[in-house]
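The next block holds one structure in the form of structure tokens; read it before the comments.
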Amino acid sequence: PADYTYHSFPKIKPVVLLNAQVINWQQMSLLDGEANLFFEGTFTGKNLLTLQSFSDTLNIPLGNDREILVKREEDKKFSSSKFLGSKKETTRSWKITVRNNKSESIKIELSDQIPVTTNEEIEISDIELQGGKLEEETGKVTWNLTLSQGEQVEKIISYTVKHPKNRLLIVE
């Protein structure tokens, strides 16, 4: 018995990772060592269990779930670059699509990132996260979604970066 969580960071790689969280694992007489992992009757791989590093919950990564699709693409309609005097203004907009092709509903943590700066000459503004939670220090944006069978959700993330035009910045 486990709780299954799904995670995706499509900016890094457009896949959905499945993780099993086993509570009360101490009652299962598990031993340290290599474990064969099966999910829904299919062998998903091997993992090395080192039980001393776990407390009340045993987290087991089960790999990619190919029944949940995720895609991140730039929305060129709302992305632009322009010069304003001595500054350059770059706006980026991304559309992230998640589709649940499983036969049951799932909970997924979807993550992306906006740029962050500590330089006073660089300004990040016009941030749109569509309900995502922002970690100010890292720029990480997280949506906790529940998708029913066959449901597809789109999230938009956008921001504007203003900086001196003589500075070369990669704004992704």
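The values are calculated or read from the model by the stated rules, or taken from the named source; none is laboratory data. It should be emphasised that the depicted structure is a prediction, and the values quoted were computed from it without experimental measurement. For neighbour counting, all protein chains shown are included, and Cβ atoms are generated from backbone atoms with ideal geometry for every residue, glycine included. We work out accessible area using only protein heavy atoms, side chains counted, and drop any ligands, DNA or RNA first. Shrake-Rupley method; radii C 1.70, N 1.55, O 1.52, S 1.80 Å.
First check a/c for the stretch 98-167, with a ≥ b ≥ c the square roots of the eigenvalues of its C-alpha gyration tensor; if it is under 1.5, answer rounded, and if not, answer prolate when a/b is larger than b/c or oblate otherwise. The partial results should precede the final answer.
Working: a/c = 4.16, a/b = 2.96, b/c = 1.40.
Prolate shape, in that a/c is at least 1.5 and a/b is the bigger ratio.
Tell me, in nm to one decimal, what length is gained between I124 and S86 on full extension, where the rule is 0.36 nm per residue of separation less the Cα-Cα distance? Walk me through the intermediate numbers first.
Values: separation 38, 0.36 × 38 = 13.68 nm, distance 1.64 nm.
Once the chain is fully extended between I124 and S86, it gains 12.0 nm.
To make sure I understand the rule: partners must be lysines, Cα under 18 Å from the Cα of K165, and not fewer than 8 residues away in the same chain. Which ones qualify?
Candidates past the 8-residue exclusion: K82, K87, K88.
How big is the convex hull of the Cα atoms of the stretch 63-116, per residue, in Å³?
111
Run the simple label-point estimate for K107 and D56 please: 7 Å along Cα→C-beta, distance reported in nm.
Computed distance between label sites K107 and D56 equals 1.5 nm.
Return a whole-number percent for the relative contact order of the stretch 30-133, with Cα pairs under 8 Å and 6 or more residues apart as the contact set. Mind dumping the intermediate values first?
Working: 96 pairs, mean separation 17.2, N = 104.
Reported as a whole number, the value is 17 percent.
Report the FRET efficiency, 1/(1 + (r/R0)^6), for S79 and S29, where r is their Cβ-Cβ distance and R0 is 35 Å, rounded to 0.05.
Values: r = 55 Å, r/R0 = 1.58.
According to the calculation, E is roughly 0.05.
How would you classify the stretch 48-157 from its alpha-carbon gyration tensor, with a ≥ b ≥ c the square roots of the eigenvalues: rounded for a/c under 1.5, else prolate if a/b is greater than b/c, otherwise oblate?
The shape class here is oblate.
Pull out the extension gain between R66 and T138, defined as 0.36 nm times the separation in residues minus the alpha carbon to alpha carbon distance; nm, one decimal.
Values: separation 72, 0.36 × 72 = 25.92 nm, distance 2.88 nm.
Computed gain between R66 and T138 is 23.0 nm.
Which value in nm describes the separation of the simple spin-label points at E172 and E154, placed 7 Å from the Cα toward the beta carbon?
Placing both labels 7 Å beyond Cα along the Cβ direction yields 2.3 nm.
How long is the gain from Y4 to N19 if the chain were fully straight, where each residue apart is worth 0.36 nm and the alpha carbon distance is subtracted? Could the numbers behind the result be given before it?
On the way: separation 15, 0.36 × 15 = 5.40 nm, distance 0.57 nm.
That pair, Y4 and N19, stretches by 4.8 nm at full extension.
Considering Cα pairs under 8 angstrom that are at least six residues apart, work out the relative contact order of the stretch 1-78 and quote it in whole percent. Mind showing how you got there, number by number?
Values: 123 pairs, mean separation 27.8, N = 78.
Normalised by residue count, the contact order of the stretch 1-78 is 36 percent.
How would V22, V116 line up by accessible area, probe 1.4 Å, largest first?
Working: V22 15, V116 75 Å².
The ordering from most to least exposed comes out as V116, V22.
I'd like the accessible area for S29, computed on protein heavy atoms only with a 1.4 Å probe and all protein chains in place. Round to 10 Å², please.
Accessible surface of S29 is approximately 100 Å².
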